[in-house]
Structures are given as C-alpha cells and as structure tokens.
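Peer 1: Next up is a structure, given as structure tokens.
The values are calculated or read from the model by the stated rules, or taken from the named source; none is laboratory data. Since this is a predicted model, take the numbers as computed values, not measurements. Every residue, glycine as well, gets a Cβ built from its backbone with ideal geometry; the counts of neighbours run over all protein chains shown. Note: areas computed on protein heavy atoms with side chains; ligands, DNA, RNA excluded. Shrake-Rupley method; radii C 1.70, N 1.55, O 1.52, S 1.80 Å.
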Amino acid sequence: VQLQASGGGLVQAGGSLRLSCAASRRTFSTYFMGWFRQAPGKEREFVSAISWTAGSTYDADSVKGRFTISRDSAKITVYLQMNSLKPEDTAVYYCAARQYSGNYRIPDMYDYWGQGTLVTVSS
C-alpha cells in the first residue's frame, strides 16, 4: 500500500491550502488516517486524524478551528483543509494510516506513511 500526499506549496499568512492523500489500494483494514508535520529541527507532531469508518475527527490544539480533516471513502483519500495559515505551520506534512485503534497521536503507531509534502507559510 502506498500513500501519495500532494497539495503543499507556498502561501502567505492568512491563506489556505488543501492537502490530499490518496491510498494506492485498500487491501488493509484502515482504522485511522492522520496527518503529521515536521518542521526543521523539530520532532514529528500530530496534526489531525480521522476514524475511517465512523468519520470521527481529532485535531491538535494548535490547529483547532483552522484545519479540517475529511475523507472520501470511495476514492480512499483523506484531505486536510488548512485555513488561516500561520508561519509556524511551516513544515513537511505527512499522511499516515493505521490498521488498529489506539492512540492516534503517536506516529510510531501508524503502519503506512506517505512521502510528505512541504507547506511554507510566509509572514
């Protein structure tokens, strides 16, 4: 299974971007799909997650009210709509999928990862 992330780019503060993450095929039982980000010199951090079946969403405090995660089951794709972007949102954003329930905030609990897409927010 491969995850292909796209949609990153350069945007001014206050602007918006939408990231997409498409799975090559669904031969695994997906419980969560999530987005993480990693800024230079920092650890990878949780951004948002969605439970694939129920559609429940979970967000980091730093992005609540600005970012929205959603999914399209037919396309096996998860999206991250990012509004009111701030310079501190600058990072490489990764999508990930995990097969089982548990703590969706922990990167090591995910089974599959996309290649990352760079988001740069200028001030």
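Peer 1: Over all alpha-carbon pairs of segment 38-83, lay out the pair-distance distribution in 10 Å bins, whole %, shortest bin first.
Peer 2: Going out from 0 Å in 10 Å bins, segment 38-83 shows 26, 48, 24, 3 percent.
Peer 1: I've got another one for you. Taking the Cα atoms of the chain, what is the range of coordinates along each of the three principal axes, in descending order and whole Å?
Peer 2: 42, 25, 25
Peer 1: On average, how much accessible surface per residue is there in the chain, in Å², for a 1.4 Å probe, leaving out ligands, DNA and RNA?
Peer 2: Details: 6240 Å² over 123 residues.
So the chain comes to 51 Å² accessible per residue, rounded to a whole number.
Peer 1: So for segment 56-123, what percent of the C-alpha to C-alpha distances run longer than 18 Å?
Peer 2: Details: 1024 of 2278 pairs.
Considering segment 56-123, 45 percent of its Cα-Cα pairs are separated by more than 18 Å.
Peer 1: Assign unit charges at the C-beta atoms only (+1 for Lys and Arg, -1 for Asp and Glu), then state the dipole size of the chain relative to its Cα centre in Debye, rounded to the nearest 20.
Peer 2: Numbers: 13 positive and 9 negative charges, 55 e Å.
In total the dipole reaches around 260 debye.
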